[in-house]
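The values are calculated or read from the model by the stated rules, or taken from the named source; none is laboratory data. Note that the structure is predicted; figures quoted are calculated from it, not measured. Glycine also receives a Cβ, built like all others from the backbone with ideal geometry; neighbour counts cover every protein chain displayed.
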Amino acid sequence: MTAQISMESQPLPREAVSAAGDGKATLAYQYLLELASRAAFTCSLIGQHADGAGLDVRLQVRELLDPQAHLSDFSLEFQLRTTSRGLPIVDSKLLFSLEGDRYEMLRSAAAETPRFIVLLSLPADDDATSAESLIAQRCGRWLCLSGAPQAASAAPTPVRFPTWNVLTPAALREIARRVSLGLRFFHEQCA
């Protein structure tokens, strides 16, 4: 049975993140909005995690990104996580602990409709940070867990974000291009 990310059927208004009072969530959403805008996509908030640790967003692509593309009007789903703590780097990968149920939802997504996770590493002085500066500082990393091994237990699962998977407008367009062509993403998980 495939697990589904629980999302509302209708996008939430942008103000819903601000109303929650979580500065990190607001900044993270502004970051993805700006990235999506620079990539010529639209971005809508689907939900904020009850624990306040993340957001679910949908990017809408309405463009033929490749002459061989099978899709030109489709959406991409992202789980956006933020951290302001220093993360260990092992073999050029940021090590982040993800709740077991969230890991399972992301890894069990069908290959033709992959879901992505974005880890946004906020500087310690995030009070003075803007979405534009996070993009300029290359603070976001992305990963697709489709097809990753099942978690050994319901406990938090270590996820390894390659340091070279920087989320930029060009990277976002390449992710969308690959999805439009039906190409697969391979996870980089090592237990």
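Couple of notes before you dig in:
- Residue satisfying condition, being basic (Lys, Arg) and touching a residue at least 24 places away in the same chain (Cβ under 8 Å), within set Arg178, Arg184: Arg184
- Residue identified as at negative phi, in contact (Cβ under 8 Å) with a residue 40 or more places away in the chain, of a type in the set (Asp, Glu) and surrounded by 13 or more Cβ atoms within 10 Å (Cβ to Cβ) among Glu112, Glu99: Glu99
- In segment 22-71, of all residues being in a strand (DSSP E or B) and of a type in the set (Val, Ile, Thr), the one that is surrounded by the most Cβ atoms within 10 Å (Cβ to Cβ) corresponds to Val57.
- Flag for Leu119 being in contact (Cβ under 8 Å) with a residue 40 or more places away in the chain and either closer than 22 Å to Trp164 by Cβ or out of contact with any Cys (no Cβ under 9 Å at 6 or more places or on another chain) (or both): yes
- Any hit, segment 26-37, residues being modelled with pLDDT of 95 or more and more than 16 Å from Leu119 (Cα to Cα): yes
- Taken over segment 54-68, the residue count meeting the criterion of being in contact with a strand residue (DSSP E or B) (Cβ under 8 Å, 6 or more places away or on another chain) and either among the small types (Gly, Ala, Ser) or farther than 17 Å from Leu33 by Cβ (or both) is 1.
Condition check ((1) of a type in the set (A, V, I, L, M); (2) in contact with a strand residue (DSSP E or B) (Cβ under 6 Å, 6 or more places away or on another chain); (3) more than 22 Å from Gly23 (Cβ to Cβ)) across all residues:
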site: Gly86; (1), (2), (3): no, no, no
site: Asp91; (1), (2), (3): no, no, yes
site: Pro123; (1), (2), (3): no, no, no
site: Cys144; (1), (2), (3): no, yes, yes
site: Ala155; (1), (2), (3): yes, no, yes
site: Asn165; (1), (2), (3): no, yes, yes
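Conditions (1) part of a loop (DSSP other than H, G, I, E, B); (2) buried (at least 18 other Cβ atoms within 10 Å of the Cβ); (3) under 15 Å from the mean Cα position of the chain (by Cα), marked per residue:
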site	(1), (2), (3)
Glu132	no, no, no
Ile135	no, yes, yes
Arg141	no, yes, yes
Ser146	yes, yes, yes
Gln150	yes, no, no
Ser153	yes, no, no
Pro158	no, no, no
Ser180	no, yes, no
